[in-house]
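To start, the structure itself, in structure tokens.
The values are calculated or read from the model by the stated rules, or taken from the named source; none is laboratory data. Note that the structure is a prediction, hence the values are computed from the model and not measured. All Cβ positions, even for glycine, are placed from backbone atoms using ideal geometry, and neighbour counts span all protein chains on display.
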Amino acid sequence: MSSELIGKRVSVLDKGYVELQDIMPHPLTGVSPDTAIASAARVSFLGESKGGEKDARLIHYLMRHKHTSPFEMVEFKFRVKAPVVTWWQWARHRTASYNAQSGRYTEFAEDEFYVPAVWRKQSPDNKQASLGELEPEANTELTQDLIDFYAQGFALYQKALRQGSSREMARLFLPGFGVYYTWIVKTDLHNLFNFLRLRLAPDAQYEIRVYAHTIYREFVKPTVPIAAEAFEQYQLKPSGVEV
Ligand SMILES: Cc1cc2nc3c(=O)[nH]c(=O)nc-3n(C[C@H](O)[C@H](O)[C@H](O)COP(=O)(O)OP(=O)(O)OC[C@H]3O[C@@H](n4cnc5c(N)ncnc54)[C@H](O)[C@@H]3O)c2cc1C
């Protein structure tokens, strides 16, 4: 695994990003994360990684038989900027560790709101989902309405601050679901695979699915190519998830 991945930042949505901050095992140790998984499993026999094909077979065996704890030996730490509509769902993954930007400490900037590229229609048969897109005219109108709404909320937020309101109260005026927040998220690979299986799925909301895709494609797959191959074979494919 290349240490160049650490510090890499990939844009997501209109103003968000995912940045890889750290990995365990760190590249400087010279131990690949796939090897760390195999070595952890082999401690059952007081053994170590046997390398190459034998480690790959073992990792596939572990994934197939849900022998999950060796995957917990690999950890990822990300810095993520995402709108609240995404965090609302992400934060339900209780096994991750989080630290979040605080609207009590920091003042929000005017351009910190999510403007979707398209407006998706309500799915007729899945109450949680969307399907297809609105006609261009309605799309343009709603986008302008949203931008105006953000501007109005932000102007009231600034007015409250000017009048001496605390930041923690002034933020009541900010349109809550669209505002971007920056968080640090640390999780181990077993629980990250659980997050990815659920949030790469077609029934996950687009605004979290794009983050899951970025994490998987840009960071997880290049870091643990063998575990990722096993994950796709035994978890994603049986769930009908394409990546
Ligand atoms: C498509 C979709 C729709 C959803 N809709 C809703 C919704 O309408 N309303 C809603 O509230 N949530 C909803 N969720 C959130 C969902 O219920 C889970 O909270 C979320 O996906 C996190 O999954 P998790 O519990 O497996 O992950 P984690 O919280 O990371 O937990 C990982 C695993 O640890 C174990 N675990 C963690 N905490 C506990 C605990 N307290 N007790 C026992 N075992 C535990 C479980 O085995 C769990 O699978 C939705 C999720 C998805 C993907």
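Could you check the stretch 64-74 and list, in sequence order, the residues that are within 15 Å of the ligand (Cβ to nearest atom) and surrounded by 19 or more Cβ atoms within 10 Å (Cβ to Cβ)?
71
Return the residues of the stretch 164-206 that are over 17 Å from the mean Cα position of the chain (by Cα) and aliphatic (A, V, I, L, M); say none if nothing qualifies.
Matches in the stretch 164-206: 169, 170, 172, 174.
Do we have any residue at all in the stretch 34-52 that's under 27 Å from residue 81 (Cβ atoms) and crowded, with 18+ Cβ neighbours inside 10 Å?
The answer is no; no qualifying residue exists.
Which one is farthest from residue 181 (Cα to Cα), of the residues in the stretch 83-111 that are within 16 Å of the ligand (Cβ to nearest atom) and in a loop (DSSP other than H, G, I, E, B)? First the steps, then the outcome.
Pass one, the stretch 83-111, residues within 16 Å of the ligand (Cβ to nearest atom): 84-98.
So of that shortlist, the ones also in a loop (DSSP other than H, G, I, E, B) come out as 91-96.
Values: 91: 12, 92: 16, 93: 17, 94: 18, 95: 20, 96: 17 Å.
Looking at the filtered set, the residue picked out is 95.
So residue 118 clears everything in (1) in contact with a strand residue (DSSP E or B) (Cβ under 6 Å, 6 or more places away or on another chain); (2) not in a loop (DSSP other than H, G, I, E, B) except one condition, right? Which one?
Every listed condition holds for residue 118 apart from (2).
Do any helices (runs of 4 or more DSSP H) lying entirely in the stretch 125-227 carry at least 3 residues that are of a type in the set (Val, Ile, Thr) and either touching a residue at least 60 places away in the same chain (Cβ under 8 Å) or away from the ligand (no atom under 12 Å from the Cβ) (or both), and which ones are they?
Answer list for the stretch 125-227: 136-162, 206-214.
Given the conditions (1) touching a residue at least 60 places away in the same chain (Cβ under 8 Å); (2) surrounded by 10 or more Cβ atoms within 10 Å (Cβ to Cβ); (3) within 29 Å of residue 192 (Cβ to Cβ), report the number of the one that residue 118 does not fulfil.
Tallying (1) touching a residue at least 60 places away in the same chain (Cβ under 8 Å); (2) surrounded by 10 or more Cβ atoms within 10 Å (Cβ to Cβ); (3) within 29 Å of residue 192 (Cβ to Cβ), residue 118 fails exactly one: (1).
For residues that are assigned to a loop (DSSP other than H, G, I, E, B) and either touching a strand residue (DSSP E or B) at 6+ places or on another chain (Cβ under 9 Å) or not assigned by TED's automatic domain parsing to the domain that holds residue 221 (or both), tally how many sit in the stretch 61-82.
Here is the first cut: in the stretch 61-82, the residues assigned to a loop (DSSP other than H, G, I, E, B) are 65-68, 74.
Narrowing the set further to residues that are either touching a strand residue (DSSP E or B) at 6+ places or on another chain (Cβ under 9 Å) or not assigned by TED's automatic domain parsing to the domain that holds residue 221 (or both) leaves 74.
The total comes to 1.
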